[in-house]
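Step one of this worksheet: look at the structure below.
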Amino acid sequence: MTKIIAPKGTKDLFQPEILKWQFLEARIRQFFSRFLYQEIRTPIFEHSELFQKGTGSETEVVQKEMYTFRDKANRSITLRPENTPSVVRAIMENNLLTEIFPARFFYIGPMFRYDKPQKGRFRQFHQFGVEIFGETSAEVDAELIFSAFGFLNEVNLEDIEIHINSVGCPQCRPGFLPELQAAAQKQQNELCPDCQRKTSTNPLRIFDCKKQQCIDISNQFPKITDYLCQDCHDHFQVVQRTLSTFEVPFTPNPRLVRGLDYYTRTVFEITSGQLGAQDALLGGGRYDHLFQELGGKNIPATGFAAGIERIILHLDKIPETKTSIIFIAYQNAAMKTEAIKLSASLRKKGLAVFMDYNDRNIKKQFKKSDRVGAAFTFILGEDEIANQSISVKNMKTTEQTQIKREDLDQWLRKHM
Ligand code: HAM
């Protein structure tokens, strides 16, 4: 029989790597609560229409990468490729904007894209992200970037760069797009086949191409920042000024347009010098029109999402959080019930306890105690039962002492 293995682009997580995940998730919750974000959890699958409308039907994500299928009632369902449209849907559907202030949310969870797997790129990957609703000011965009940068610093990520740009708004973008298209058409034959197609469908997406020939050509294209309307121009200036106030280093990058269609004004990405081709650790920006595009009111919004696998690739050492384990050994089957009772009472006190229920001899139980890395082995034998005590072996020093049952709590307070 052929072995069943995990689908391509997915991975199993277990120790020691999973300790990094737990560390990161705990830090995310801690760190972003300083900015008053509340957690939101949305379903892993949604109606496909949400992403077609929200993420944008012309984007690579929607065109090529979605896991879409029909359910038994013939509805088109998609495993979420990103969470921003889902969060907007959830907020509209549950009327959260009237209930929660500030309307700031964070999430952690799996996303799905049928991408070509490689280092730092998976088909099931995980993002943490934050979304802010109802806050229009440019300073908020800067604060968002400050928080993203601050978080990466907090978990000691080095060698990172922040790129920012403005992609304008529906007022100024129409002035830019024909100029961009004209420039692209002039050099169409030198672009890769994919970018040749984008020339007529969505020329902005040419800037997403990673092929050197297309990068060299598009570097000569007109820059969107030269076409911004006064409001978008001023907004972008304030973002940059406030980033300096926050002491966040950044590089304006006129090529940065992001691969999703909903952005307006500020966009940004944080890249790593250590990741190779998949260098984006996180990305985001303002999306003031997504609510309306999904049938809601006019609610400004801004946010970002980070790839957890990519951050984990960077995390070398995490602080050790060692729990002391107690192993309970018993001399023979007659003491088993007492041993089980002792394990239950210790676990109720919040301690990490392990025992082997197979009536093995004490020597073998000590071996097991060593294998689980116990700090102490508690031994229950005939003597201990008779005189209401426990023998305690310190597994590091091998020193053995006896404690009275009535003194157990005091001993635990001192040693655990
Ligand atoms: P995105 O740039 O598509 O933005 O994804 C954000 C991050 O997810 C990327 O920077 C990368 O670290 C990670 N990522 C994306 N695809 C993969 C993959 N196949 N394997 C591993 N990691 C991956 C968004 O998703 C937007 N929703 C961000 C946002 C939130 N904008 C506003 N609010």
Fill in: Flag if ASN153 is without any contact (Cβ under 8 Å) to a residue 60 or more places away in the chain and either away from the ligand (no atom under 13 Å from the Cβ) or in a helix (DSSP H, G or I) (or both)
yes
Discussion item. Going by what's in this entry, would ASP288 be described as among the acidic types (Asp, Glu), open to solvent by 10 Å² or more (accessible area, probe 1.4 Å) and over 24 Å from GLN237 (Cβ atoms)?
Written reply: no
Discussion item. Looking only at region 168-217, how many residues end up being touching a Lys or Arg at 6+ places or on another chain (Cβ under 7 Å) and in a helix (DSSP H, G or I)?
Written reply: 4
Worksheet item: Before we move on, is LYS8 more than 20 Å from the chain's Cα centre (by Cα) and part of a helix (DSSP H, G or I)?
Response: no
Worksheet entry | Residues within region 381-407 that are under 16 Å from TYR330 (Cβ atoms) and of a type in the set (Lys, Arg), tallied | 2
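Each row is one residue, and each column tells you yes or no for (1) touching an Asp or Glu at 6+ places or on another chain (Cβ under 7 Å); (2) open to solvent by 90 Å² or more (accessible area, probe 1.4 Å); (3) under 25 Å from GLN15 (Cα atoms); (4) in a loop (DSSP other than H, G, I, E, B).
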residue: ILE340; (1), (2), (3), (4): no, no, no, no
residue: SER345; (1), (2), (3), (4): no, no, no, no
residue: SER369; (1), (2), (3), (4): no, no, yes, no
residue: ILE379; (1), (2), (3), (4): no, no, no, no
residue: ILE385; (1), (2), (3), (4): yes, no, no, no
residue: LYS396; (1), (2), (3), (4): no, yes, yes, yes
residue: ILE403; (1), (2), (3), (4): no, no, no, no
residue: ASP409; (1), (2), (3), (4): no, no, no, no
residue: ARG413; (1), (2), (3), (4): no, yes, no, no
Discussion item. If a residue must be in a strand (DSSP E or B), modelled with pLDDT under 95 and either closer than 12 Å to ILE164 by Cα or not small (Gly, Ala, Ser) (or both), how many such residues does region 272-290 contain?
Written reply: 0
Worksheet item: Just wondering, is there one or more residues in region 129-143 that are farther than 24 Å from PRO249 by Cα and within 14 Å of the ligand (Cβ to nearest atom)?
Response: yes
Response to the item:
Apart from one, (1) near the ligand (Cβ under 10 Å from one of its atoms); (2) of a type outside the set (Gly, Ala, Ser); (3) at pLDDT 95 or above all hold for ASP115; the odd one out is (3)
Discussion item. Being more than 15 Å from the ligand (Cβ to nearest atom) and open to solvent by 90 Å² or more (accessible area, probe 1.4 Å) is the filter here; which residues of region 42-68 pass it?
Written reply: PHE45, HIS47, GLU49
Practice prompt. Could you check, for region 79-96, whether at least one of its residues is open to solvent by 40 Å² or more (accessible area, probe 1.4 Å) and in contact (Cβ under 8 Å) with a residue 40 or more places away in the chain?
Written response: yes
Worksheet item: Has region 100-121 got any residue that is within 27 Å of ILE206 (Cβ to Cβ) and without any contact (Cβ under 8 Å) to a residue 12 or more places away in the chain?
Response: yes
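The values are calculated or read from the model by the stated rules, or taken from the named source; none is laboratory data. Quick caveat, the model's predicted, so the values are computed rather than measured. Glycine also receives a Cβ, built like all others from the backbone with ideal geometry; neighbour counts cover every protein chain displayed. Areas reflect the complete protein model, heavy atoms only, side chains present, ligands, DNA and RNA absent. Shrake-Rupley method; radii C 1.70, N 1.55, O 1.52, S 1.80 Å.
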